[in-house]
Amino acid sequence: GVNQPLGHSANFMSSLEGGQLVAAEATQPYSYTQQWNFGIQRQIYGFLVEAAYTGNKAAHLSSVSGNGVNVNQLPDQYDSLGAQLLTTVPDPFAGHLPVTAGLNTTETLGQSLRPFPQFTNILIPNYAAFSSFYNAGTLQIRKRFGSGGTFMFSYVRSKTMGNTDTMTGYLETNPVGWVQDFTNLRPEWSLMSFDVPQRAVVSYVLDAPFGKGKHFLGNVTGVADKLVSGWSIEGVTTFQSGYPLVFTYALKTALSQNFGTGTPRLNVIAGCDKSIGGSPTSKILEWFNTSCFAAPSNYGFGDESRTDPNLRGQGINNFDISLSKNTRINERFALEFRSEFFNIFNRVQFAPPGTSLNPSTFSTSANLFGVVTSQNNNPRQIQLAMRLRF
């Protein structure tokens, strides 16, 4: 199936030999998803309570690795040859390849052991060999108040696993985890880079219980009525877990540079505790234990998973509040005042730390591995508005 869509004649194929191919797979299956859910609703003391379970399975998804999956990667069984892979052997295609005709009479041993040694890489975009699985339990509590206002609480406990990731990584706050070994996708199964195990949101619109017609000071009139009546408060409070960290190796290995493997990942020191305690602010210069990670073998693969199962960036702890007042001046005129406070407590949400290990800068000031250099959210913002309606 690899070379079916690449051309219609041997002459055409020979004109491509010695180079890299990027071509579609003609017999790819269609992607599909399966969804299922179950929920229970109950009214308890005026509160509407809903508990639910949601599941989603996706199959035949596409890869996000560069131009696609490389089906001409050196098979893993030859990695143990190490530096021998770079030794030269006679090139059986010498004098016949348009790219190298009359120039090269040898090639590396590793190149000769590729499935299609007459080519470098054979990349298939949107290769449908990946899948994902999502499970979530949700809880919602809603309440409408007779005196005016609503309250809603929502909580989600979920887990998203897969061996590929989002196709719109540029929209994510977290870098996408690339495939490391195209011939063995089993180690690619991990948490998705956008996995959020816990998220809770509280939203409310509440009218003040005092003022004209309310429980307190219901009979107020005159100037006092204009001052105390018509107040309301609205808000959204969000708590969310951080995204998993995605570790990569900044340099190329002999395998990734010469024999078509994917982006190298790191090795994890056995028995080393990767986590560091303390507040987010105290960890900005070392978010995790950097000594737990090491460069991968030049002729092997790192054992760090595609996304780390334990280390995460900082989550969300945010409060947005709005305070407003409607004042009826007379039958024709009404005045509306509104104040909005975004991130009212001015809490910082740090961006993910550096997760790309470069051994050449590890002992220098240029090393950013484990260091937080920016933040994801905005500082406190306040907006005030006054509107006259007539």
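Side notes on the structure shown:
- Any hit, segment 134-143, residues being under 22 Å from VAL69 (Cβ atoms), surrounded by 17 or more Cβ atoms within 10 Å (Cβ to Cβ) and either among the polar types (S, T, N, Q) or at pLDDT 95 or above (or both): no
- Members of segment 353-382 found to be open to solvent by less than 90 Å² (accessible area, probe 1.4 Å) and of a type in the set (Gly, Ala, Ser), listed by number: GLY354, SER356, SER360, ALA366, GLY370, SER374
- The combined condition, being in a strand (DSSP E or B) and either under 30 Å from ARG338 (Cβ atoms) or under 28 Å from the mean Cα position of the chain (by Cα) (or both), is fulfilled by VAL156.
Residue by residue, here is whether (1) farther than 30 Å from SER256 by Cα; (2) crowded, with 18+ Cβ neighbours inside 10 Å; (3) at pLDDT 85 or above holds:
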residue: PHE182; (1), (2), (3): no, yes, yes
residue: PRO187; (1), (2), (3): no, no, yes
residue: SER193; (1), (2), (3): no, yes, yes
residue: VAL201; (1), (2), (3): yes, no, yes
residue: ALA208; (1), (2), (3): yes, yes, no
residue: PHE216; (1), (2), (3): yes, no, no
residue: VAL220; (1), (2), (3): yes, yes, no
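- Selection status of LYS252, among the basic types (Lys, Arg), modelled with pLDDT under 90 and in a loop (DSSP other than H, G, I, E, B): no
- Of all residues in segment 46-87, those being within 18 Å of PRO187 (Cβ to Cβ), touching a strand residue (DSSP E or B) at 6+ places or on another chain (Cβ under 6 Å) and open to solvent by less than 20 Å² (accessible area, probe 1.4 Å) number 3.
- Filter pass, ARG312 being open to solvent by less than 70 Å² (accessible area, probe 1.4 Å), over 24 Å from THR281 (Cα atoms) and touching a Pro at 6+ places or on another chain (Cβ under 9 Å): no
- Any hit, segment 301-308, residues being among the basic types (Lys, Arg), free of Cβ contacts under 8 Å to residues at least 40 places away in the same chain and open to solvent by less than 40 Å² (accessible area, probe 1.4 Å): no
- Given (1) more than 30 Å from ALA200 (Cβ to Cβ); (2) assigned to a loop (DSSP other than H, G, I, E, B), index of the condition GLU286 fails: (1)
- Pair list, Cβ < 7 Å and 6+ apart or interchain, from segment 361-390 residues that are within 30 Å of ARG328 (Cα to Cα) to residues that are modelled with pLDDT of 90 or more and in a loop (DSSP other than H, G, I, E, B): GLN381/ASN343
- In the set GLN28, GLN43, GLN34, only one residue is part of a loop (DSSP other than H, G, I, E, B) and either surrounded by 14 or more Cβ atoms within 10 Å (Cβ to Cβ) or not β-branched (Val, Ile, Thr) (or both); that residue is GLN28.
- Consider segment 261-300 and keep the residues that are open to solvent by less than 60 Å² (accessible area, probe 1.4 Å) and of a type in the set (D, E, K, R). The one that is nearest to SER80 (Cα to Cα) is ARG265.
- Within the set THR238, THR261, THR290, THR248, the sole residue that is among the hydroxyl-bearing types (Ser, Thr, Tyr) and more than 23 Å from ASN376 (Cα to Cα) turns out to be THR261.
- Candidate set: segment 100-119, residues that are free of Cβ contacts under 8 Å to residues at least 40 places away in the same chain and polar (S, T, N, Q); chosen: the one surrounded by the fewest Cβ atoms within 10 Å (Cβ to Cβ): THR105
- Filtered residues of segment 332-352 (kept if open to solvent by less than 40 Å² (accessible area, probe 1.4 Å) and either part of a strand (DSSP E or B) or among the basic types (Lys, Arg) (or both)): ALA334, GLU336, SER339, PHE350
- SER112 vs. criteria more than 30 Å from PHE133 (Cα to Cα) and modelled with pLDDT under 95: yes
- Cβ-Cβ contacts under 9 Å between residues 6 or more apart (or on different chains), taken from a first residue in segment 231-258 that is of a type in the set (Lys, Arg) to a second residue that is open to solvent by 60 Å² or more (accessible area, probe 1.4 Å), are listed as LYS252/ASN258.
- Per-region count, segment 120-133, residues open to solvent by less than 40 Å² (accessible area, probe 1.4 Å) and either in a loop (DSSP other than H, G, I, E, B) or hydroxyl-bearing (Ser, Thr, Tyr) (or both): 4
The values are calculated or read from the model by the stated rules, or taken from the named source; none is laboratory data. These figures come from a predicted structure and were not determined experimentally. Methodologically, a virtual Cβ is constructed for each residue, glycine included, from the backbone with ideal geometry; neighbour enumeration extends over all protein chains shown. Areas reflect the complete protein model, heavy atoms only, side chains present, ligands, DNA and RNA absent. Shrake-Rupley method; radii C 1.70, N 1.55, O 1.52, S 1.80 Å.
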